[in-house]
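Rule-based calculations on the coordinates, nothing more; no lab input. Keep in mind that what you see is a predicted model, and the values were worked out from it rather than measured. Heads up, the Cβs are rebuilt from the backbone with ideal geometry, glycines too, and the neighbour counts pull from every protein chain shown.
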Amino acid sequence: MIVMGSCEQCGDLWNWLAIYRDGEQLPECTGTGTHHVFADIDLDRLESLAWIPIQAGLPQVVVVLSEPTMRPILFRRRQVELNMATETMGARQTIHCLGWQKNLGDGCNVESFTFLFEDGSLLTSPDRNAV
């Protein structure tokens, strides 16, 4: 299990970690307030990408790019409940997603998505819009 530091600016339950073939790592948060974005990841050197939990008891999810045609997929889906009658915001939830996409030899495109929920549960689906 990989353990990462986080800073006071990190409000999500997971931070991503890019792991390169030469062993170098690029964390989303350095623990000092410096943050990287997905565009900072060198996809040509990438071996695997992971969601690392910030708090104990949550799962760690890793996708290994085992074939040259595989490309990582990483995003957060944020949900906010709005009450139009009272003009207030209610519950907030962030769903983290890690997956991959690749083209098969016959020209077909396949994708896999693993969604991580705040209670630690997971859903794996071929559908980007499963949640």
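Rounded to whole Hz and in sequence order, give me ³J(HN,Hα) for the range 96-112 from the Karplus expression 6.51 cos²θ - 1.76 cosθ + 1.60, θ = phi - 60°, writing x for Gly and Pro.
Karplus values, whole Hz, x for Gly and Pro: 9, 10, 9, x, 8, 9, 8, 9, 7, x, 8, x, 6, 10, 10, 9, 9.
Could you identify which residue out of CYS29, CYS97, CYS108 has the top mean-square fluctuation in a GNM of the chain using Cα springs shorter than 10 Å?
Highest fluctuation among the options: CYS108.
Please give the length that would be gained between GLN101 and HIS35 if that part of the chain were fully extended, namely 0.36 nm times their separation in residues minus their C-alpha to C-alpha distance (nm, one decimal).
21.2 nm
Can you tell which of GLU111, GLU87, GLU67 shows the greatest fluctuation in a Gaussian network model of the chain with Cα springs below 10 Å?
GLU87
Along the charge dipole of the chain, Cβ charges K/R +1 and D/E -1, which of LEU74, LEU26, CYS7 sits furthest on the positive end?
The residue sitting most towards the positive pole is LEU74.
Got the relative contact order for the chain handy, in percent, Cα pairs under 8 Å and 6 or more residues apart?
In percent, rounded to a whole number, it is 17.
Can you find, among GLN60, THR88, LEU98, the residue sitting farthest towards the positive end of the charge dipole of the range 14-125, where Lys and Arg contribute +1 and Asp and Glu -1 at Cβ?
Result: THR88.
Report ³J(HN,Hα) in whole Hz for each residue of the range 71-81, in order, from the Karplus equation J = 6.51 cos²θ - 1.76 cosθ + 1.60 where θ = phi - 60°; Gly and Pro get x.
10, x, 10, 8, 7, 10, 10, 9, 10, 10, 8
If I build a Gaussian network model for the chain, linking alpha-carbon pairs within less than 10 angstrom, which residue out of VAL61, VAL110, VAL80 has the largest mean-square fluctuation?
It is VAL80.
Return the FRET efficiency for the residue pair MET84, GLN9: r is the Cβ-Cβ distance, R0 is 30 Å, and the value is rounded to the nearest 0.05.
0.45
Give me the mean projected area, in nm² to one decimal, of the convex hull enclosing the Cα positions of the chain.
If I average the Cα hull's projected area over directions, I get 10.0 nm².
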